[in-house]
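Remarks on the structure that follows.
The values are calculated or read from the model by the stated rules, or taken from the named source; none is laboratory data. Everything numeric here is computed off the predicted structure, so don't read it as measured data. Here Cβ is always computed from backbone atoms with ideal geometry, including for glycine, and neighbour counts include all displayed protein chains.
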Amino acid sequence: MNLAEFDLNLLVIFDAVYKEKNLTRAGQRLNLSQPAISHALNRLRAAFDDPLFIRHGYRMEPTPLTEELKENIKKVLDLTERTLEDRGNFDPYRSTRTFHIGIQDYPMIVVLPRLIKSLREEAPNIKIRTFHLSMEERKTALEDGKLDMVIGIKQDFGSSIFQQYLFKDREVCIMRKDHPLAKAKMSLEQYLSGEFIGLSVSDVKQARIDRKLSEMGHKRDIKLTVENEIAIPQLVSQSNYLAIIAELVAGEFLDWLPIKAVPLPIDIDTFDINQYWHVRYQKDPGHSWLRQAIKKAFESS
């Protein structure tokens, strides 16, 4: 089949006949006469070299080839409809678009609950798919169009990537509620006497507090190192270990785990979380709506 000579409108006819199993009803569905539907069906049969639909009484029954084609044709029509819909006046409530977001554990814990709430109220059919990628992989995925957005700590993605500030956070020390150090304000000496769970992620070669302590001539005693930040509060609640996590993350666990969050005994700067997107999506109505929805979620929190 020569695609350049194929009338893509025929796929709409195919879909209507498949759904209605009747040429008259398919014509009514598309506001076309039965002869027009019959003519289009003949063109489809010639293009695919197959009857596609065989008459049985008042019904048009699909052939095996039609059953093979239906899902791919539906995907083409759905994608086309979403593309045209988004390029016009984007309606989040009707949209069925899927957005691909690169996001690590920390922003996932903090951002996704707020985003899910917004989607439930304003865009119930929009879908989100997240990807846990390294810093280098996120940059490539944005440039290649595999990701619609990245949400995370400050990163230099290059001149083709836009960014927007979302919120600020700081690090705190967490421990189980009945830990010996949980009773009073923790001194640097007490802090350094503790045993720690460390976090190893590709975004950060060395934790900021460890760099600060190193400058002061100190070092933490890290007994356990994990790559999954979500596991840290649970591990802390069942051990004597201390851990350093973001304050907003700690807040998500304080109500249902027996842990306590206390300020660090040394001053550590706060850090920013941003959202990043490629220039190709800057004027995309659907993408613009998603960015605004995420930003709004933090402005109102």
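Below is a table of values for the structure above.
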{"read-out": "Residue list for region 141-178, filter: of a type in the set (Lys, Arg) and part of a loop (DSSP other than H, G, I, E, B)", "value": "Lys146, Lys154, Arg170, Lys177"}
{"read-out": "Looking only at region 47-82, and only at residues there that are over 29 Å from Arg97 (Cα atoms) and hydroxyl-bearing (Ser, Thr, Tyr), the one that is farthest from the chain's Cα centre (by Cα)", "value": "Tyr58"}
{"read-out": "Failed criterion for Pro258 (all others in (1) at pLDDT 95 or above; (2) surrounded by 18 or more Cβ atoms within 10 Å (Cβ to Cβ) hold)", "value": "(2)"}
{"read-out": "Count of residues meeting criterion [assigned to a loop (DSSP other than H, G, I, E, B) and over 13 Å from the mean Cα position of the chain (by Cα)] in region 102-140", "value": "4"}
{"read-out": "Long-range neighbours under 6 Å by Cβ, at least six apart or interchain, first residue touching a residue at least 60 places away in the same chain (Cβ under 8 Å) and farther than 13 Å from Glu122 by Cα within region 275-299, second part of a strand (DSSP E or B) and polar (S, T, N, Q)", "value": "Gln275/Gln164; Tyr276/Gln163"}
{"read-out": "Flag if Ser134 is among the polar types (S, T, N, Q), touching a His at 6+ places or on another chain (Cβ under 8 Å) and surrounded by fewer than 19 Cβ atoms within 10 Å (Cβ to Cβ)", "value": "no"}
{"read-out": "Residue satisfying condition, being modelled with pLDDT under 90, among the charged types (D, E, K, R) and touching a helix residue (DSSP H, G or I) at 6+ places or on another chain (Cβ under 7 Å), within set Asp105, Asp169, Asp156", "value": "Asp105"}
